[in-house]
Structure formats: C-alpha cells, structure tokens
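> Handing you a structure now.
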Amino acid sequence: MSQLSEDAKSYLLEQLLRQRPVLYLRIAKGSDHARCVSGDPLHFGLVLAADDTVDVAALTIGLDPSGHGLQVSKAQIAHGASFDLHQLLIDGERFLLLIDVDDLQREVQQAQQSSNEARLRLDEMSERERLLHAEHKALRESSEEMQRHQHVQSEFVRRLSHEFGTPISAVLGHLNLMDLPTTTAEQSQRSLSAVRRGVAHLRQLVESVLDQARLQNNQFELYPGVTNLATLADDFRELHLGTALQRGLDWHVSLDAHGCVEVLIDELRLRQILLNLISNAFKFTEQGKVSLSLRWHDAVLTADVVDSGPGMSAAEQARLFADYGRSARGVRGTGLGLSISREIVQRMGGTLRLADSTLGRGSRFVLDVPAPIVRGQPEDNQSLNQPQQVLVVDDDEDLRLLLVAMLEQLGCAASAVAGLADVRLDAEPPPDVAVVDMHLGRLDGSVVLQQLRKSWPNAYLLALSADSSQDVLERSRRAGADSFLLKPLEPGALSLALQVAVQRRAAE
Amino acid sequence: MKTEVRKICMLGDFAVGKTSLVNRFVNSAFSERYLSTVGVKIDTKLVQLVDRQVKLVLWDLAGSDPLNGAAKSYLMGTHGIVLVADGTRRETLDSALRIHQHAESLIGARPTVLLINKADLEPQWQSTQADLQSARQWARNVWETSAMTGAHVEDAFMALAGVER
Ligand SMILES: Nc1nc2c(ncn2[C@@H]2O[C@H](COP(=O)(O)OP(=O)(O)OP(=O)(O)O)[C@@H](O)[C@H]2O)c(=O)[nH]1
Ligand SMILES: [Mg+2]
C-alpha cells in the first residue's frame, strides 16, 4: 500500500466508499453522544438529534475505551444496515467507524436460514416419528386387549349356555312328565315344585347376566337406604329355615350390633350378595351346619358365612372369583354370582373374600362393607368415657346450635364454625372429632374434609348430609371421612359414632 | 438525573424466540415468520423502575453459532443475561445451560433470567416439570413466556432491569 500514490489512495477510497457506505463519528469526551463527521447515521438505524449529535450508548456500552481497530462485527440496529464496528484512537480522541456489510450479511443469512429450517424440520420429523411409534404401540396393545376380551366373551357365552341349559332341560323334562297320562297326582306335584325351582334359578341367572352387563357398561347404580340390622338378621333366619330342616342341616344366624340399630346401605344389593353366599353354602353342604354372623363395629358391617361343606382345594380357591369362574364340582354354577358379588361389594367400598377353606372341613366367606350408623341405642347410655373436643362445620346457624347442644349433652366440649375460613387449622391440640356438613352453601364439604384430613391426620372425621346417595357417600369417603351421619341426626347414632371415635383413639 | 444504561444479552439456541421476545418487549409486536438472526441485533428500550429510569440496551445474539469467536466481543459490558429455551424442543434447555456456562467462563457470573418460551403451545411442550425444577437451580428466575401472547415477557425483562449486580 505504501507504494500507492496519494492520488491512487484517494481514488481507491472513493471507490470503496461508493460500494460500502460508512459512518464516521467522533465521540464527545465523557459522554454517550457522538458528532457525525461523515456518512448518514439513519442508514445504520441511528438517529441524528436536534443538536446534530447521535446517541451511541447502545454501541459504546461494552467497548474498551482504549481498544483500537475492529470491535464488533455483523451488528445491526433496528432496521438499519448491518455493519462492522471499528474504534479509532487518534490524537487522544475516540472515533467510531461503522462499515456497511449488508451484502455479505445477506448471503450468510440465507445460508444460515435454510440450515436452521432444515434442522427444525428434522427435529419435527423425529418427534413425529416418536409419536407415531408410541401410537403404534398403543394400537398394538389395544388390539391384544381386544383379542383377550373376545376370548373372555366367547368363554362367557359358552358357560352361559351351560348354566342356562341345566335348568331349562330340567323344566322341560318335568313339564313333559306332567303331560304323560300315566303320571300320578303326587308325581305331578313333585314335578311342579321342580319346575318352580328351575324357573327361580333361571330368573336368578338372568338377573346376574343383567348385573354383569350393567357393571361392564358402568350403568350400575347403588341406592343406599336406611336398613334395620335386626330385621335383616330375622329375615335371613326365616328364609332358610325350611331348607335347613329339609336338608337336616344346622342353621344359625347371629347379630352383634354394638348398639347400632339402623345403618345406611343399599339393602337390596346387600341381601342379594348374602343370599348368594348362603345359597351356595347350603348347596354344597351335605351335613353339619351353615351359619351367618352379622357384626357392626366401627361403621363397618361384617358378615361371616360359614359352612361345613366339602371345602375347596387351593386350585379351586384360586379360580373362585375369576371372571365367570365356576366351581369344578359339577354342582350348579356359582361362578357368575361370586365374581359379580365381589364387584358390587367393591363398588360399595367394601371387600368380599374367602377367609378360609379346608378340604373336607368347610369354607368361610367374609364380607366387609362400610355401613354408616343412622340410629343407635348406646349400650351403657352414659356420657362418653372420655371428654372429647368436637368441632362442627356447618353453614346453617340453627343446625350448628343444635349440634353443639347435642354434643354437650353427650359430655363433649363442642365448638362450631360456618366454613373452612373459620377453622383454626393450627389449633393445639387439634379436635378429636370433626363433624362436617357436605353442603356448605357454595363450598363442597369434601374440600373441607380433605383439608382437615391433611392438617389433622389423627382426628375422627364425620361427614354429615341429608343426601344419602352413593355419590355423596363416596365423595366423603374419598375426601378422608371416617364415617357418615345422616340428617336429621339421631342422638343415639351420634353417640355411637363418637364412641367409635373414642375406641379408635384408645387403640392408637 | 442521568439515565442509567444497562446492556442485556439474549442468549439461547436458534429459533427459540429471542428476536421475537425483544420484538414483543420493545415494539409490542409479533411475527409468525422465522428470520434467523446473523451476528447481533441491537435494540433499546427505556423502562421506568420505582425510583429511576433505566435505558435497556438489548443485544440479541444469533442462536445458530453463539459460541464462535465473536461471542466475547458481543458479551463485553453485559449487565444481565436473558437465557431463552423453547418449551416445545426439550434439547434447547440443555443448550441454554451450555451457552450460559460458556458465557460465564468468558465474562464471569451475571444476573440471569431463564425464559421457557412458546407457553402458548404448552400442550406440545416437551419440557417436564422436573426439567423446570432443575433449571430453577441454576437460574435466579425462571419464567414461562410467550412472545406470541406476551405472557410474562414484560415481567421477565423487568425482573432483570431492576436487579443489582
Ligand atoms: N407460538 C409461538 N411461536 C413463537 C414464540 N416466540 C417465537 N416464536 C416463533 O419461533 C420462530 C423463531 O423465533 P425467533 O424469535 O426468530 O427465534 P430466535 O431465537 O431469535 O432465533 P435465531 O435468531 O435463529 O437464534 C418464529 O417463527 C417465531 O414466530 C412464541 O412465544 N410462541
Ligand atoms: Mg433471532
């Protein structure tokens, strides 16, 4: 370059400037502003102020004041042209030189743009592939599930035709018998009762099939209602007395209700399940005894059905509750009944199990279902054996007053609030028992129950409602309630519920 | 009173929305079109804090190759870092972390906010709660933003504008 004459230099400069606009600025000492020496600030997105200066704070903020030469390459301000930023130090003054690199920039941008877009598409494709893969897997699984289902279905139909076949052929056979001219009146009479039994059995089978379908289609509903325990026990005693006499079997029904008189439960379903268990016990038992023991304790109803029948082998026990499983012994099928019973009991929030069975000795089935007390007769009729702190949460003032009065009568230290906001969750010690209305104006009682359960893990929580639908019962249970009280509240029921709470506490 | 000037750098993988976030914050605008940034784009915005005014100078760096030789000259004098990841692309969270570590090795620790962007596409997010939780351990502040709707964009920038070193 040093060989170039001054003329050549200035010519070259002129050419370069024509191709590449530049901006040359002198920075005012100790300020963010610069004075324009040459070039157009606007071309680079910089604004010329009224006093002919340019605010360059955005550019100089990171610069080393003593740096000479290229400082930042490929920069751009708003909609201005791209530039390389140089700093020149001349005679103790700072200059900024912005050189337009827009043309170079554009090429780089295009290359980079397509490369980035390609990478994005690639990412998207691999993500899609992942999703497709997952979808494929789900499809395969559901098709396998369907095949399994189909197999179960055809097995079901096979069993059904067998189950129905036996009573139907019995009914038809006896009807034919009755038609014969040689049949005596006595024989006819016997055939007639056989037909009745057969039809009753068929009806039961039809009911089972319908229940099965309802359970599978989620159309199954429970209707909890007030149920008298003593009546229930008496009815069963009566119902099987005849069979027991006829078969020469001992039949025994007992009830141990701990003062509970009425409970809230779907009575029809409970009867259906017990009937199924007891009929099976009678069916299999040739000699000895069959018994039903009912027990109410701690808001749970327990039923033991015991027989001295042939018992079951381990293999039979394993198949017992399997879907449409059936006892292998060629006695009338019970498979349908048991698997359905167990499912219904589960819907009720309880369990049904074979507690034990020994070959040659007999079997014991145990049913446990939640059964909130509705009416009770406290056994010692005294106030509770321990003073209890009871909190009532109810939005109705009259009911609050009533509940507090009832609780105080029972010897409790009771207090009442209208909603969750008024509950002192940090109370020390926390209450022993909380009674929570399920319908607190706009607030759902289960929200309160959940909160109380979280804050007071050891408190006995009672849900309270005039609505005894399965939905409310289930919601209260899920929210952590230990039991449920039906409005209007019966003093005996309240007293017994509190006794349960005391027993719980003592057991802890 | 003299207005304080603060330089903020936008860092993060390509196409995560750095330019879009600046555009939303400075111009209250958004474009669907992707125009990849080359080098650095510089924008300014005056913001009013409780007790003073601050001029934010936003350096929006290209995400494609943020670790190249130019990075250090871009980062000089930075007051704070806006680190951006794209919620719909899980790997951008990892690159955000990598870029951040690299920047710290060049200029030392700076106040940082992490933006998980494209919150409007939340159903398609690949980042999990666990990812966000671990991200919270290395960024002072984590925001779920959307340059499209503007959600939390202002909050994120203002959080950084007010922070002292
Ligand atoms: N839906 C949605 N799209 C967004 C959002 N932010 C950015 N985008 C889109 O994402 C693409 C990339 O945005 P940019 O802001 O250019 O990304 P960048 O981080 O600056 O990318 P580089 O400059 O290449 O580093 C564009 O198509 C934007 O429209 C958002 O919050 N929501
Ligand atoms: Mg960009």
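Yes/no matrix, rows are residues, columns are (1) at pLDDT 95 or above; (2) surrounded by fewer than 20 Cβ atoms within 10 Å (Cβ to Cβ):
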position: A:Gly360; (1), (2): no, yes
position: A:Leu367; (1), (2): yes, no
position: A:Val374; (1), (2): no, no
position: A:Asp380; (1), (2): no, yes
position: A:Gln388; (1), (2): no, no
position: A:Asp394; (1), (2): no, no
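> Please go through region B:44-57 and pick out each residue that is at the interface with another protein chain (Cβ under 10 Å from one of its Cβ atoms) and either open to solvent by 30 Å² or more (accessible area, probe 1.4 Å) or near ligand 2 (Cβ under 9 Å from one of its atoms) (or both).
B:Thr44, B:Lys55
> Still on this structure, I have one more. Could you tell me whether region B:69-77 includes any residue that is within 16 Å of the chain's Cα centre (by Cα), more than 9 Å from chain A (Cβ to nearest Cβ) and buried (at least 22 other Cβ atoms within 10 Å of the Cβ)?
no
> Can you name the condition, by its number, that B:Gln129 falls short on among (1) away from ligand 2 (no atom under 16 Å from the Cβ); (2) in contact (Cβ under 8 Å) with a residue 24 or more places away in the chain; (3) open to solvent by 60 Å² or more (accessible area, probe 1.4 Å); (4) not small (Gly, Ala, Ser)?
Checking B:Gln129 against (1) away from ligand 2 (no atom under 16 Å from the Cβ); (2) in contact (Cβ under 8 Å) with a residue 24 or more places away in the chain; (3) open to solvent by 60 Å² or more (accessible area, probe 1.4 Å); (4) not small (Gly, Ala, Ser), the one that fails is (2).
> Just checking, which of B:Asp13, B:Asp60 is more than 8 Å from chain A (Cβ to nearest Cβ), open to solvent by less than 10 Å² (accessible area, probe 1.4 Å) and within 16 Å of ligand 2 (Cβ to nearest atom)?
Selected residue: B:Asp60, the only one of B:Asp13, B:Asp60 that is more than 8 Å from chain A (Cβ to nearest Cβ), open to solvent by less than 10 Å² (accessible area, probe 1.4 Å) and within 16 Å of ligand 2 (Cβ to nearest atom).
> Every residue in region A:483-508 that is more than 19 Å from A:Pro378 (Cα to Cα) and touching a residue at least 40 places away in the same chain (Cβ under 8 Å), please.
Result: A:Glu508, single match.
> Same structure, new question: Does A:His136 fit the bill of being within 24 Å of A:Phe44 (Cβ to Cβ) and either under 44 Å from the mean Cα position of the chain (by Cα) or surrounded by fewer than 13 Cβ atoms within 10 Å (Cβ to Cβ) (or both)?
So A:His136 fails the test.
> Is it fair to say B:Ala96 is touching a Leu at 6+ places or on another chain (Cβ under 9 Å) and open to solvent by less than 20 Å² (accessible area, probe 1.4 Å)?
yes
> Out of region A:15-50, which residues are among the charged types (D, E, K, R), under 24 Å from A:Gln76 (Cα atoms) and out of contact with any helix residue (DSSP H, G or I) (no Cβ under 7 Å at 6 or more places or on another chain)?
Selection gives A:Arg18, A:Arg20, A:Arg26, A:Arg35, A:Asp40.
> Ok, one more. Residues in region A:261-278: is at least one over 29 Å from A:Ala466 (Cβ atoms), surrounded by fewer than 14 Cβ atoms within 10 Å (Cβ to Cβ) and not β-branched (Val, Ile, Thr)?
No, region A:261-278 contains no residue that is over 29 Å from A:Ala466 (Cβ atoms), surrounded by fewer than 14 Cβ atoms within 10 Å (Cβ to Cβ) and not β-branched (Val, Ile, Thr).
> Which is more than 15 Å from B:Gly17 (Cβ to Cβ), free of Cβ contacts under 8 Å to residues at least 60 places away in the same chain and of a type in the set (Gly, Ala, Ser), of B:Ser64, B:Ser105?
When all the criteria are applied, what remains is B:Ser105.
> Of the residues A:Arg128, A:Arg121, A:Arg148, which single one is more than 9 Å from chain B (Cβ to nearest Cβ), within 30 Å of A:Leu205 (Cβ to Cβ), in a helix (DSSP H, G or I) and out of contact with any Lys or Arg (no Cβ under 9 Å at 6 or more places or on another chain)?
One residue alone meets the criteria, A:Arg148.
> When the residues of region A:294-317 are narrowed to those that are open to solvent by 40 Å² or more (accessible area, probe 1.4 Å) and assigned to a strand (DSSP E or B), which ends up nearest to A:Ala281 (Cα to Cα)?
Out of the qualifying residues, it is A:Arg295.
> Turning to a different aspect of this structure: Could you check, for region B:25-34, whether at least one of its residues is within 9 Å of chain A (Cβ to nearest Cβ) and within 11 Å of ligand 2 (Cβ to nearest atom)?
yes
> If I filter region B:108-151 down to residues being within 10 Å of ligand 1 (Cβ to nearest atom) and in a loop (DSSP other than H, G, I, E, B), which single residue comes out as nearest to the other protein chains (Cβ to nearest Cβ)?
B:Lys118
> Another question about this same structure. Looking at (1) away from chain B (no Cβ under 14 Å); (2) surrounded by 15 or more Cβ atoms within 10 Å (Cβ to Cβ); (3) polar (S, T, N, Q), can you tell me which one A:Gln109 breaks?
The single condition A:Gln109 does not satisfy is (1).
> I need every pair where a residue in region A:52-68 that is assigned by TED's automatic domain parsing to the domain that holds A:Tyr24 has its Cβ under 7 Å from the Cβ of a residue that is assigned to a helix (DSSP H, G or I), sequence separation at least 6 or different chains.
Here the result reads A:Val54/A:Pro41, each pair linking region A:52-68 to a residue that is assigned to a helix (DSSP H, G or I).
> Ok, one more. At least 2 residues that are open to solvent by 10 Å² or more (accessible area, probe 1.4 Å) and closer than 19 Å to A:Met348 by Cβ in each: list the strands (runs of 3 or more DSSP E) lying fully within region A:424-508 that qualify.
Correct list: A:483-486.
> Tell me which residues, restricted to region A:57-97, are open to solvent by less than 20 Å² (accessible area, probe 1.4 Å), within 10 Å of chain B (Cβ to nearest Cβ) and in a loop (DSSP other than H, G, I, E, B).
Hits for region A:57-97 are A:Gly62, A:Gly67, A:Gly80, A:Ser82.
> Scan region B:78-102 residue by residue and report those that are farther than 16 Å from B:Asn117 by Cα and within 14 Å of another protein chain (Cβ to nearest Cβ).
Within region B:78-102, B:Thr78, B:His79, B:Gly80 qualify.
> Of A:Glu124, A:Glu93, A:Glu117, which residue is in the same structural domain as A:Gly39 (by TED's automatic domain parsing) and out of contact with any Phe, Trp or Tyr (no Cβ under 6 Å at 6 or more places or on another chain)?
Of the residues listed, the single one that is in the same structural domain as A:Gly39 (by TED's automatic domain parsing) and out of contact with any Phe, Trp or Tyr (no Cβ under 6 Å at 6 or more places or on another chain) is A:Glu93.
> Of all residues in region A:43-56, which are away from every other protein chain (no Cβ under 14 Å) and under 22 Å from B:Leu61 (Cα atoms)?
Within region A:43-56, just A:His43 meets the criteria.
The values are calculated or read from the model by the stated rules, or taken from the named source; none is laboratory data. These numbers come from a predicted model, not from an experiment. Don't worry about glycine lacking a Cβ; one is built from the backbone with ideal geometry, like all the others, and counts go over all protein chains shown. Ligands, DNA and RNA are excluded from the accessible area calculation, which covers all protein heavy atoms including side chains. Shrake-Rupley method; radii C 1.70, N 1.55, O 1.52, S 1.80 Å.
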